[in-house]
Amino acid sequence: MHMPEQPSRRSLLGAALAGTVTATVTGGTAATATAVTAAAPTRPIDTRSWLTHGDWSTGTARGTRAVAGVRPGLVLDAPLGTLDHTDPHMSKTATWEYATWTSPVHRFAVPATEAIAFWNASTPAGTWLQIELKAGYSDGTDTPWYVMGRWAAGDQDIKRTSVDGQRDGRSTVWTDTLALDDASKGLRLVSYRLRLTLHRRPGTALTPTVWRAGVTGSDIPDRFTVPASVPGLARELAVPRYSQEIHKGRYPEYDNGGEAWCSPTSSQMIIEYWGGRLTPAQLKWVDPSYSDPQVCHAARHTYDHQYGGCGNWPFNAAYAATFKDLQGVVTRLASLTELETLIAAGIPAMTSQSFLKEELTGAGYGTAGHLMTVIGFTAAGDVIANDPNAADDAAVRRVYRRREFENVWLRTKRYNASGAVASGTGGVCYLYFPARPTARQRAALAAVGVSA
């Protein structure tokens, strides 16, 4: 089912966005890149990434440099000095060399009420990175530098973590999302800069390599229901099926499996769809009696030690990108038509939604926050999903009614079981795709605002 730690986090975020200005979202009637591109000017979503050699050559590099190649990136070149970092989750202080890169200012295409940073990187043992965001308000002032994550692919040097308690009286960081405290007053986020700090053990030549860093900003209209879309595609992708429920009670240190593991379970499905595989050496730490050990691995390597769960959106995208030739982005989609555009190009998507049991026929459960993988559409336009909330792997594939699914996924407001107003995710999804996508995949991604 849902991640039990998520309701408080998402409810608080939803309350912060309670006054969002209503806007019109236009969807197309055909699942084509052209149709969605035509609607792009009305999309209240802006996803910007730095990922080319030219991108990394912009901004301000202090001890970092851009590297060219098949997959360009940013590396630590000449450290600025050392700093002492105390890891609250390891109860130890260590000294690290560091260098920084600060992006140019990016202005949102549509002023935003919230922003989510994401990144793709390699962090060999003895390295890690910190990602910060400073946003510009519509009144001409700025937020502080907010830490959006301290991250490493492993968990031996630091414990991967978000940072609580970051606010300035007008905006707050809720785990992985920067949100305005009261959007009804008209204040908006109009621009931002990213700052990456790359760390390594002193006296070594080690370095993280960052291949992609970006932000999705959005101003999704405040809504309990969304406009109905017209079916435009019938296709199903062959995505592996994994159940989260068979892991119930496993690894309490990574939130105990079961309902808490919907995000890493869904991530692993799509990673393996693209050919990502874990080796026996990588899985040797898992109890050999456990089935689907790769799901246990995904949970461990997406776990946020501050949040206390595996549902940190950027951490999941970053985990996916640790697999050879994969990229991961956290974004929002504006309609099921956009999702059809991706499926038509062979790109599945992980969607985040919340609903009462009676709002999604066939689910058999209600949730305050749950991730599943959309793998296709039936001839009638209904949604085919690999829903990890299943008794076993064979029961993962579900078909959900199109109208019900698009509403529980795309809305920002809903009523919970007590009748109180609660939040919806407003079309949040993870997209994982090849580092060198085909022309068709690239066009489909561009149609939904994602550079590849």
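The values are calculated or read from the model by the stated rules, or taken from the named source; none is laboratory data. Here the structure is a predicted model, which is why all the values come from computation and not from measurement. Glycine gets a Cβ as well: all are built from the backbone with ideal geometry, and neighbour counts include every protein chain shown.
List of remarks:
- Subset of segment 163-194 that is outside any strand (DSSP E or B) and either among the basic types (Lys, Arg) or touching a helix residue (DSSP H, G or I) at 6+ places or on another chain (Cβ under 8 Å) (or both) - its residue that is surrounded by the most Cβ atoms within 10 Å (Cβ to Cβ): Thr175
- Annotation for segment 336-345: at least one member residue is part of a loop (DSSP other than H, G, I, E, B) and more than 20 Å from the chain's Cα centre (by Cα).
- Restricting attention to segment 336-348, the residues that are surrounded by 24 or more Cβ atoms within 10 Å (Cβ to Cβ) and not β-branched (Val, Ile, Thr) total 6.
- Strands (runs of 3 or more DSSP E) within segment 48-161 that include 1 or more residues without any contact (Cβ under 8 Å) to a residue 12 or more places away in the chain: 81-87, 92-102
- Counted residues, segment 391-415 - those being farther than 20 Å from Gly426 by Cα and touching a strand residue (DSSP E or B) at 6+ places or on another chain (Cβ under 8 Å): 4
- Cβ pairs under 6 Å, 6+ apart, first in segment 425-452 and free of Cβ contacts under 8 Å to residues at least 24 places away in the same chain, second buried (at least 17 other Cβ atoms within 10 Å of the Cβ): Pro437/Ala452; Arg442/Ala452
- Test: Pro388 is buried (at least 24 other Cβ atoms within 10 Å of the Cβ), in the same structural domain as Leu431 (by TED's automatic domain parsing), under 18 Å from the mean Cα position of the chain (by Cα) and farther than 25 Å from Ala444 by Cα: yes
- For segment 264-272, the count of residues that are surrounded by 15 or more Cβ atoms within 10 Å (Cβ to Cβ), part of a helix (DSSP H, G or I) and either at pLDDT below 95 or among the basic types (Lys, Arg) (or both) is zero.
- Residue within segment 209-220 that is in contact (Cβ under 8 Å) with a residue 24 or more places away in the chain, basic (Lys, Arg), buried (at least 20 other Cβ atoms within 10 Å of the Cβ) and part of a loop (DSSP other than H, G, I, E, B) present: no
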